[in-house]
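The values are calculated or read from the model by the stated rules, or taken from the named source; none is laboratory data. Because the structure is predicted, anything quoted here is derived from the model rather than measured. All Cβ positions, even for glycine, are placed from backbone atoms using ideal geometry, and neighbour counts span all protein chains on display.
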Amino acid sequence: MVFETKRSAVSRNTLSFIKTVTAFIELFIVLRILFDFLRASSSAPFTVFVNSVTDPLLKPFTGIFRQVEVYRGFYLDPSTLFALLFYAFAGYVAGEIARVILRRVKRHKKY
């Protein structure tokens with residue numbers, strides 16, 4: 001009985017970890033989109049921090065699309081939006097895979 005509780009806690013913790021990591025990745029990418037769109041100072045410490053966190057995440061998507069001028073000097077990079085959608089989807093898929101694996105482990109341990 002106690003073992004089942006520990007196993008379900010591991011399942012919840014694993015899924016919570018995946019959701020939390022995905023949420024932080026999405027948050028930083030959204031901040032990057034906002035800073036780029038609003039032309040935030042690239043020398044401001046927080047902007048430098050956000051850019052340094054998101055640079056490795058956005059590297060595979062760089063150059064897929066050209067920047068688009070949305071309104072009089074305000075630019076939007078569709079590659080960054082594509083990366084945001086990709087990481088949201090990847091987080092969802094990772095969560096579903098973890099759910100399936102954890103269910104199979106749970107069923108296998110019952111017998």
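A few points about this structure:
- Within the stretch 36-89, the set of residues being over 20 Å from Ala23 (Cβ atoms) and aliphatic (A, V, I, L, M) comprises Leu38, Ala40, Ala44, Val48, Ile64, Val68, Val70, Leu76.
- Those residues of the stretch 67-99 which are over 19 Å from the mean Cα position of the chain (by Cα), over 16 Å from Arg32 (Cα atoms) and without any contact (Cβ under 8 Å) to a residue 12 or more places away in the chain, in sequence order: Glu69, Tyr71, Arg72
- Test: residue in the stretch 39-51 that is modelled with pLDDT of 95 or more, within 14 Å of Leu84 (Cα to Cα) and aromatic (Phe, Trp, Tyr): no
- For Ser52: the one exception among (1) surrounded by 12 or more Cβ atoms within 10 Å (Cβ to Cβ); (2) farther than 28 Å from Arg104 by Cβ: (1)
- Listed by first and then second residue, the pairs linking a residue in the stretch 1-17 that is within 12 Å of Leu102 (Cβ to Cβ) to a residue that is modelled with pLDDT under 70 and part of a helix (DSSP H, G or I), with Cβ atoms under 7 Å apart and 6 or more places separating them unless they lie on different chains, are Arg7/Lys106.
- Breaking point among (1) under 17 Å from the mean Cα position of the chain (by Cα); (2) closer than 25 Å to Ser11 by Cα, for Phe61: (2)
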